[in-house]
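Input: a single structure, listed below in structure tokens.
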Ligand SMILES: C[S@@+](CC[C@H](N)C(=O)[O-])C[C@H]1O[C@@H](n2cnc3c(N)ncnc32)[C@H](O)[C@@H]1O
């Protein structure tokens, strides 16, 4: 899988289809960076979110893992001249080795898990569980198809189908349908402690904490 072919136009494709909605959803829980010491960004893409982090300001150690060298290049150029302590790693997250001294207390995965099959998402989430602290917060932004039947629901199903086909064709993603993220998260031992959404639950940002450790809202 590689997003190299779409990296330069990804920003514009997103704007045409979703206007500013994905941007808004990515930033819903941005303020969490203020309390973080170690931040892991998964499949963060072209660095627009990293730039937002720099606007808030943080001394945290940031590790950004993305398998696309072109996305990494764009992200590095956006992070250039910021005060951030960021290490870019161009690698499949499935092969990424957590170092002893990097245990993230905040993880962001924006529109990343929808690239994978449900079994792959379970594998990724289990890896995160093993490397997380008791206090780690995992912020996931992603699509969800709540209701069947309504006109907007039908439109969203068609849009989702077209997006997945597009990314399968151009980026070779393995997903054939949207993974059911809330279901997977609960089944792997995570509890949702905050949730905001747009478009009636189609575009979401959830905050997850390991079950038993979270303070419920
Ligand atoms: C749909 S894009 C989302 C980009 C960005 N997070 C956003 O919100 O716009 C998915 C990103 O995940 C990266 N990616 C896909 N598979 C990956 C993998 N196995 N390991 C690391 N990054 C991956 C892609 O290169 C791409 O940057």
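Expected output is a single nm value to one decimal: the length gained when fully extending between residue 91 and residue 162, i.e. 0.36 nm times separation in residues minus the C-alpha distance. What is it? Intermediate values should be presented prior to the final figure.
Numbers: separation 71, 0.36 × 71 = 25.56 nm, distance 2.69 nm.
Roughly 22.9 nm would be gained on extension.
Could you put 157, 48 in order, starting from the residue whose Cβ has the fewest other Cβ atoms within 10 Å? It would help to have the intermediate numbers written out before the result.
Working: 157 14, 48 19.
In increasing order of surrounding Cβ atoms, one gets 157, 48.
Provide the percentage of antiparallel DSSP beta bridges, counting only those with both residues in the chain; round to the nearest 5. Before the final figure, lay out each step's value.
Numbers: 15 of 35 bridges.
Among the beta bridges of the chain, antiparallel pairing accounts for roughly 45 percent.
Take 188, 193 and order them by how many other Cβ atoms sit within 10 Å, fewest up front. Let's see the in-between values first.
Details: 188 18, 193 14.
If I rank by nearby Cβ atoms, fewest first, I get 193, 188.
Can you bin every Cα-Cα distance in the chain into 10 Å intervals starting at zero and give me the percent of pairs per bin, rounded to whole numbers?
8, 35, 40, 16, 1, 0
Based on the mean of other beta carbon atoms within 10 Å per residue, what is the order of 178-184, 102-108, most packed first?
102-108, 178-184
With 10 angstrom as the radius, rank 29, 80 by how many other C-beta atoms surround their C-beta, starting from the fewest.
Numbers: 29 20, 80 9.
Neighbour counts put them in this order, fewest first: 80, 29.
Only the coordinates and a few stated rules stand behind these numbers; no lab work does. Quantities reported herein were computed from a predicted structural model and do not represent experimental measurements. As a convention, Cβ positions derive from the backbone with ideal geometry for all residues, glycine included, and neighbour counts pool all protein chains shown.
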